Each structure stands twice: as structure tokens, then as C-alpha cells.
Amino acid sequence: MAQKRQIIDNIYYVGIKDWNVRDFHGYTTDHGSSYNSYLILDEKNVLIDTVKAAFSDKFLENVAAVIDPAKIDYVISNHTEPDHSGSMPAVMAAMPNATVIATPKGKDGLSKYYGGENWKWQVVKSGDKLEIGKRTIDFIATPMLHWPDSMFSYLRDDKLLFSMDGFGQHFSTSYLYDDEAPYDELMHEAKKYYANILMHLGGIAKKTLAAAEGLPIEIICPSHGVIWRKHIPEIVNAYLSWADCKPAKKVLVIYDTMWNSTEAMAKAILEGASQTGVSAKLLKLSANDLTDVTTEVLDAAAIAIGSATLNNGMMPTVSSFLTYMQGLKPAGKSGAAFGSHGWGGGGAVAVDAVLDKIGIKRLREPITCVYKPEASVLDECKNFGAQLAEIALKA
Ligand code: FEO
């Protein structure tokens, strides 16, 4: 059945709930996702963003449940990534009278993906506005948040912000609004989204939030998940905290093991870190999802990273984690490497070599052992754990 859900007078939700997606370019989406699109009816009718290509038919049904697609005058593309633009060819075929509105980089990207030689275009920049009748839409470019094309669209009369990926959550739910969804689950999904998509863009996120600070906002319509209307201060404050990777009193021991020696070291570090007032967590990479581990990293104060030695280097699971972290660049963490080795080379040394690249301030040389940790090595691990806890307690 086609979706027809009114948000406020003459503004409709026409997006798609993707209940079954579990892998969003490597991000594990336990609760599915949604590709949100919005329709504004006025003297000129406007569609905000589209959905993944696979959902084009259903999406056009949702639009048609509100208005004849041929009566759409503008299609605003706030973001070129194909989860929001994949339906553009089908949309433009069904909406021959529409003009596509995008930033210059948005036009470049959409043209590269879809051609669009026969589409009508209107290129906009920050400060431009579009009068559509009773309402006016303001455009706010948000370059590199998180693609160069990105922008917000803002309805000044309704104090409503279309924030594309910003404030989004991979969270498929029958609820439309934040106050309908379970709060803790919603904030966890928003945090997970920030950690895995936006963590490396904290500086840009803060500048964007500062630029938007003067705008009165009563509703935020993101491109994924539920619409914010009640918990706007909470999600904005959370973004300000996440943008700084602000640490909680939390220690993580992240590792993988081959014959349990590195695991014994990890558990000794955890034991040392398990002090009153500190949340200490053991995260074995072959037993935990990378997306969830990354969410934990966002607000950790101190992190120990361990690897057994495989072929003179680190284990592939640890290598994969560190590669992901090098892109996401967590900030303001302290820690060190640890791990076992046999007759040559060492996983711990390989981990230690990249700590700087993932924003971890090195507290000490790597802790290592040959084959199996002796009692003295385990004591060293416990002391290191206590050092991590001390740092976390100051957070
Ligand atoms: Fe939801 Fe950056 O696309």
C-alpha cells in the first residue's frame, strides 16, 4: 500500500522503509534503514530527495498517492549519494516538468551518475532561496558533510530543516517521529550512524552546527530514520559532543587472538581497568561487529589494541579494524598496543606503528610475550589496565 503521511499542512513523507537491509556498504544495519523523501505542495510542488534505485516503483507510488508526479515542479537533491539519488532517472521520467535543484558539485555528481543531459537544472549555493507560493525554501551548502555536494534545505515559515544524512539513523520503524520511537534505541542508532559515517568530520560538523545555530528549528527531517520534533536539543547537543569525540569514563580492550595468549593479556588489561566508576569493555574483533565496535570507540577515553601474530604481522580482523579507524580518525584517545608472537615479527609492533594514524596517543611501548604470557607479563598488563582506568576517570 502506498505511503501517504502528512507531517504538517501540505508537507508529506513519501520515503521508503528498507526493513531488510543488513549491510549498508559495510555498515551493519541491524534495524534496517529508511530512505526519506518529502513532498511539499504549494503553488509550486517540490520533492525533496529520492530513494535507492531498487525502490523506484514503490517510491513513485508513494508520490502518486499524494499528487500526480507530472505536477511536480522541482526536485531538490540535497545529497548525491545513490541511496538518495538512485531513483532520479525514474523520477525525472515520471516528472517531465520538474527542474532539478542541486549545488554545483551536486549537479556534477548527478550528471556523472545519471547523465541528465535532458533535465532542467537550477544550481544553488548558500543564501539562495526558492519561493514556491506561501512557503520559501532556503539553501545552506554543507560541503563535505559528508560529500562535497551536500546541502540542507530549510523552510523558514515552518522552522523545518531537511538535513539529509545529518541527524539520520539507519533505523527502519513504523514510527514517523522521535517521540514515538523508544528513546534509548533511537539515540543509540543516531550515535552509531554518527560514529560510522561522520566521526572523521567533527570539525566540519561543528562549523555546520554553528552556521545553523541562528535558525529557529522546530522539526528536523533527515534522510534516514525518524523525524525529530521533540528531542531536537538532545540530538543537537549529542552531535556537539560527538563532534569532539568527547570521552566518557570508558576503557576498551579491542583485540583478536590465535591460541588465547593475546586473549589472556586482554583479560588481564580488562581486570586492571575494571575499577569503580569506569566502564571497561572487552571487544574481541572476531566476536563483535565492526560497526558496533566503532560506535564504542566514539566516546572511549582509553583503548588497548591487541593482536596475535600471523605471518609476522597482525591478524586480518585487527588490520581491518585499523584500516576502518584510519578513515574515521577518532580523536582524543590514549592507549597502547599488546599481543603475543612466536619466533619472529609481531602483531603488537604492527599495531603500534599505526596508533598515531588513528588518533591514539601512545602511552607506552607495546606489551609483548613469546608464545604464552608469563605471570610477569600478565602483571604488566594489569598495571597497564589500571593506567587506562586512571585516564578514563579524569574524563
Ligand atoms: Fe544516506 Fe550519504 O547517504
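The values are calculated or read from the model by the stated rules, or taken from the named source; none is laboratory data. Note that the coordinates shown come from a computational prediction; the quantities given were computed from them, not determined experimentally. We place every Cβ from the backbone using ideal geometry, glycine too, and count neighbours over all the protein chains shown.
You will find that of 334, 340, the residue that is free of Cβ contacts under 8 Å to residues at least 60 places away in the same chain and in a strand (DSSP E or B) is 334 and no other.
What residue, among those in the stretch 158-167 that are more than 17 Å from residue 80 (Cα to Cα) and assigned to a strand (DSSP E or B), is nearest to the ligand (Cβ to nearest atom)? Only one residue tops the list, namely 161. Screening the stretch 129-157 for residues that are surrounded by fewer than 20 Cβ atoms within 10 Å (Cβ to Cβ) and acidic (Asp, Glu) and picking the one that is nearest to the ligand (Cβ to nearest atom) gives 138. Checked against the criterion of being surrounded by 14 or more Cβ atoms within 10 Å (Cβ to Cβ), out of contact with any Lys or Arg (no Cβ under 6 Å at 6 or more places or on another chain) and polar (S, T, N, Q), the stretch 180-201 has at least one qualifying residue.
With the requirement that a residue be of a type outside the set (Val, Ile, Thr) and touching a Lys or Arg at 6+ places or on another chain (Cβ under 8 Å), what does the stretch 157-173 give you?
First, the residues of the stretch 157-173 that are of a type outside the set (Val, Ile, Thr): 157-172.
Answer for the stretch 157-173, where residues must be of a type outside the set (Val, Ile, Thr) and touching a Lys or Arg at 6+ places or on another chain (Cβ under 8 Å): 157, 158, 169, 170, 172.
Here is a yes/no grid of residues against (1) within 25 Å of residue 8 (Cβ to Cβ); (2) of a type outside the set (A, V, I, L, M, F, W, C):
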| position | (1), (2) |
| --- | --- |
| 168 | yes, yes |
| 173 | yes, yes |
| 176 | yes, no |
| 191 | no, yes |
| 195 | no, no |
| 202 | no, yes |
| 215 | yes, no |
| 219 | yes, no |
| 222 | yes, yes |
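Every residue in the stretch 44-68 that is farther than 21 Å from residue 153 by Cα and not hydrophobic (A, V, I, L, M, F, W, C), please. Once the filter is applied, which keeps residues that are farther than 21 Å from residue 153 by Cα and not hydrophobic (A, V, I, L, M, F, W, C), the stretch 44-68 yields 56, 57, 58, 61, 62, 68. What do you reckon, is residue 321 assigned to a strand (DSSP E or B) and either assigned by TED's automatic domain parsing to the domain that holds residue 366 or of a type in the set (D, E, K, R) (or both)? The answer is no for residue 321. Among the residues of the stretch 284-299, is there at least one that is of a type in the set (A, V, I, L, M, F, W, C), out of contact with any Asp or Glu (no Cβ under 8 Å at 6 or more places or on another chain), farther than 30 Å from residue 185 by Cα and crowded, with 16+ Cβ neighbours inside 10 Å? Looking through the stretch 284-299, none of the residues is of a type in the set (A, V, I, L, M, F, W, C), out of contact with any Asp or Glu (no Cβ under 8 Å at 6 or more places or on another chain), farther than 30 Å from residue 185 by Cα and crowded, with 16+ Cβ neighbours inside 10 Å. Cβ-Cβ contacts under 7 Å between residues 6 or more apart (or on different chains), taken from a first residue in the stretch 82-110 that is under 12 Å from residue 70 (Cα atoms) to a second residue that is within 13 Å of the ligand (Cβ to nearest atom) and not in a helix (DSSP H, G or I), are listed as 91/50. Applying the condition of being in contact (Cβ under 8 Å) with a residue 40 or more places away in the chain and away from the ligand (no atom under 16 Å from the Cβ) to the stretch 21-44 and asking which residue is nearest to residue 135 (Cα to Cα) yields 42.
Quick grid of which residues meet (1) within 20 Å of residue 222 (Cα to Cα); (2) touching a helix residue (DSSP H, G or I) at 6+ places or on another chain (Cβ under 7 Å):
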position	(1), (2)
71	no, no
80	yes, yes
83	yes, no
104	no, no
108	no, no
118	no, no
121	no, yes
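Specify the residue that is farthest from the chain's Cα centre (by Cα); the eligible residues are those in the stretch 174-225 that are within 16 Å of the ligand (Cβ to nearest atom), assigned to a helix (DSSP H, G or I) and small (Gly, Ala, Ser). Among them, the one singled out is 205. For the stretch 47-91, the set of residues classified as in a helix (DSSP H, G or I), within 16 Å of the ligand (Cβ to nearest atom) and among the polar types (S, T, N, Q) consists of 85 only.
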